[in-house]
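Structure, as C-alpha cells:
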Amino acid sequence: MRGIGCIGKRRYVSDIAVVKNIYTALHKNRQIVAVFPESRHSNAGTTAYIPQNMGKLAKLMKVPVVMLSVHGSYLAGPFWDEAHTRKVPLRAKLECIYTKEELAQAQEDDVQQKIEEHLRYDEYKWQWEEKIAITYPRRAEGLHMALYQCRSCGKVFHMKSKGSSLFCEACGSGWEMDEYGRLVGEKKKITAIPDWYEWQRGEVEKEIRNGTYRCEFAVRVEALPNAKGFIPMGEGRLVQEENGFTLSVQNRELFFDHSSRESVQTEYNYRDRGPCIVLSDKDCCYYIYSDDPGFGPTKIQFAGEYYYRMRKQEEPVALG
C-alpha cells in the first residue's frame, strides 16, 4: 500500500488524519487523490452504502471532482469467488462531474446527491444489456455465500453451489446460472442476483423488527494492529445487538457501536481460512472467524446496516 502511495484507513472508523493527508496530497504535494467511497468489494455486483459525508469532503478539498467507473471488473472476479478469473471485457468511463468553480457554487447536499448518482451501478444488468456471455463452467461456485437464504423454502445457510448450479440442500430447489448472469429456476423463471440479495436484506430487517434476530457465536480472533502481521488472540465470543457488537476475548470486552459504522466488513474466504467479519477501532482490526454453521457474514452485515440506520434516526437534531 505504501509503495503505490495509498493513504491507509481502517474501514468504517472515522479518522481525521486521513482527511488531513488527503488535503496535504492535493494542495501541498500537488497530487491526484483517488477515493473509494464504498470501502469494500461488492457482494452482489451493485452499489453499497455511500457515506453521507462525500459532498462535505469534496467541498472541503476545493478541487475538481472526477468520477472513474469501471464495468466488468466485478464480473471478472466476483467477491464470492475471487480465486478464479473469468474472461470479461472491461469498460472504463472517466468524467468530470464538477470543476473547481462549479464545486464552489454547488450546495453540499447537491454534491452528495450527484456523487451518489454517478456511483450507482448494477453489473448483472450491464452484463445482460451488453450480452456479455461468461462461459466459465464453474461460474456459480461460491455464490451461496452471498445468496445464503432459499427463495423457495426460506431456510438460511442451506444453500450450496457447484458448477453453474445454485441449490438448497433443505428443500431440493435449484437454479442454473446462465451465461448472462441470470438465475433460471423451475418453469424457466428468471431471478436477478441483486434482487435475491436485496430480498434477503428485507428478511433480516423483518427479524429485527419482530425481535427474532439473534447473533451470538463462539469465535476465534486474529488482531491486525499494524503492517507487521496478524496476532492470534484465541477463542472468544461475539454478540450483535441493537446498540452494537460485543467481542469477548482474552478476558476483556471490546464494544463496537453501530451508530459509528455504516456497515460491517465481510470476507467470504479470507486467506483460505473461511468466512469472517472484521471489526475495527482506530488502533486495530479484529478478524473474527467462526465454525458455527449459522455464522453468515452477509446476514450480519445486513443487520449492522439496519441497526446503523435505526441509531442514526434516533440521534437528536440540533436546533438554532
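Among the residues of the range 259-293, which ones are out of contact with any helix residue (DSSP H, G or I) (no Cβ under 9 Å at 6 or more places or on another chain) and of a type in the set (Ser, Thr, Tyr)?
Once the filter is applied, which keeps residues that are out of contact with any helix residue (DSSP H, G or I) (no Cβ under 9 Å at 6 or more places or on another chain) and of a type in the set (Ser, Thr, Tyr), the range 259-293 yields Tyr270, Ser280, Tyr286, Ser290.
For Tyr23, state whether it is of a type outside the set (Lys, Arg), on the phi > 0 side of the Ramachandran plot, surrounded by 13 or more Cβ atoms within 10 Å (Cβ to Cβ) and out of contact with any Pro (no Cβ under 8 Å at 6 or more places or on another chain).
no
Here's the yes/no breakdown for (1) over 30 Å from Lys59 (Cβ atoms); (2) in contact with a His (Cβ under 6 Å, 6 or more places away or on another chain); (3) β-branched (Val, Ile, Thr):
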| position | (1), (2), (3) |
| --- | --- |
| Gln113 | no, no, no |
| Glu116 | no, no, no |
| Trp126 | yes, yes, no |
| Lys131 | yes, no, no |
| Thr135 | yes, no, yes |
| Arg138 | yes, no, no |
| Glu141 | yes, no, no |
| Leu147 | yes, no, no |
| Ser164 | yes, no, no |
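Rundown of residues vs (1) modelled with pLDDT under 95; (2) surrounded by fewer than 16 Cβ atoms within 10 Å (Cβ to Cβ), yes/no style:
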| site | (1), (2) |
| --- | --- |
| Lys162 | no, yes |
| Cys171 | no, yes |
| Thr191 | no, no |
| Pro194 | no, no |
| Glu205 | no, no |
| Val219 | no, no |
| Glu222 | no, no |
| Asn226 | yes, yes |
| Phe230 | no, yes |
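Please enumerate the residues belonging to the range 246-279 that are of a type outside the set (Gly, Ala, Ser), in contact (Cβ under 8 Å) with a residue 40 or more places away in the chain and open to solvent by less than 30 Å² (accessible area, probe 1.4 Å).
Passing the criteria: Leu247, His258, Arg261, Val264, Gln265, Thr266, Tyr268, Val278.
Residues that are within 24 Å of Pro275 (Cα to Cα) and of a type in the set (A, V, I, L, M, F, W, C): list the strands (runs of 3 or more DSSP E) wholly contained in the range 95-208 that include at least 2 such residues. Full working, then the answer.
On the way: elements: 159-162, 165-168, 174-177, 182-184, 190-192.
By residue number, 165-168, 174-177.
Can you pull out every residue in the range 62-114 that is within 30 Å of Leu143 (Cβ to Cβ), among the hydrophobic types (A, V, I, L, M, F, W, C) and surrounded by 11 or more Cβ atoms within 10 Å (Cβ to Cβ)?
If the condition is that a residue be within 30 Å of Leu143 (Cβ to Cβ), among the hydrophobic types (A, V, I, L, M, F, W, C) and surrounded by 11 or more Cβ atoms within 10 Å (Cβ to Cβ), then Met67, Val70, Leu75, Ala76, Phe79, Trp80, Val88 are the ones that fit.
Consider the range 182-218. How many of its residues are within 20 Å of the chain's Cα centre (by Cα), under 16 Å from Ala146 (Cβ atoms) and of a type outside the set (Asp, Glu)?
Summing the residues that are within 20 Å of the chain's Cα centre (by Cα), under 16 Å from Ala146 (Cβ atoms) and of a type outside the set (Asp, Glu) in the range 182-218 gives 10.
Could you say which residue among Leu238, Leu166 is within 19 Å of Gly45 (Cβ to Cβ), surrounded by 12 or more Cβ atoms within 10 Å (Cβ to Cβ) and under 23 Å from the mean Cα position of the chain (by Cα)?
Leu166 is the lone residue from the list that is within 19 Å of Gly45 (Cβ to Cβ), surrounded by 12 or more Cβ atoms within 10 Å (Cβ to Cβ) and under 23 Å from the mean Cα position of the chain (by Cα).
Give me the pairs: first residue in the range 200-219 and under 11 Å from Ala303 (Cβ atoms), second residue of a type in the set (Lys, Arg) and open to solvent by less than 70 Å² (accessible area, probe 1.4 Å), beta-carbon distance under 7 Å, and six or more apart or on different chains, which are they?
Val204/Lys299
For Ser152, are the conditions met, namely being in contact with a Cys (Cβ under 9 Å, 6 or more places away or on another chain) and either among the polar types (S, T, N, Q) or more than 20 Å from Pro78 (Cα to Cα) (or both)?
The answer is yes for Ser152.
If I go through the range 41-81 residue by residue, how many of them are within 23 Å of Trp196 (Cα to Cα) and free of Cβ contacts under 8 Å to residues at least 24 places away in the same chain?
3
Do we have any residue at all in the range 292-306 that's among the charged types (D, E, K, R), modelled with pLDDT of 90 or more, on the phi < 0 side of the Ramachandran plot and within 15 Å of the chain's Cα centre (by Cα)? Walk me through it before giving the result.
The initial filter retains those residues of the range 292-306 that are among the charged types (D, E, K, R), namely 292, 299, 305.
Remaining after also requiring modelled with pLDDT of 90 or more: 292, 299, 305.
Next, only the ones that are on the phi < 0 side of the Ramachandran plot stay: 292, 299, 305.
Next cut, within 15 Å of the chain's Cα centre (by Cα) only: 299, 305.
Yes; the residues of the range 292-306 include at least one that is among the charged types (D, E, K, R), modelled with pLDDT of 90 or more, on the phi < 0 side of the Ramachandran plot and within 15 Å of the chain's Cα centre (by Cα).
So the check is Cβ under 6 Å with 6+ separation or different chains; which pairs have a first residue in the range 117-141 that's closer than 17 Å to Ala192 by Cβ and open to solvent by 90 Å² or more (accessible area, probe 1.4 Å) and a second one that's modelled with pLDDT of 95 or more and assigned to a loop (DSSP other than H, G, I, E, B)?
Final answer for the pair search is Trp128/Tyr180.
The values are calculated or read from the model by the stated rules, or taken from the named source; none is laboratory data. Note that the structure is predicted; figures quoted are calculated from it, not measured. Cβ sites come from the backbone with ideal geometry, for glycine too, and all protein chains shown count toward neighbours. For the accessible areas, the whole protein counts, side chains as well, though only heavy atoms, and no ligand, DNA or RNA atoms are used. Shrake-Rupley method; radii C 1.70, N 1.55, O 1.52, S 1.80 Å.
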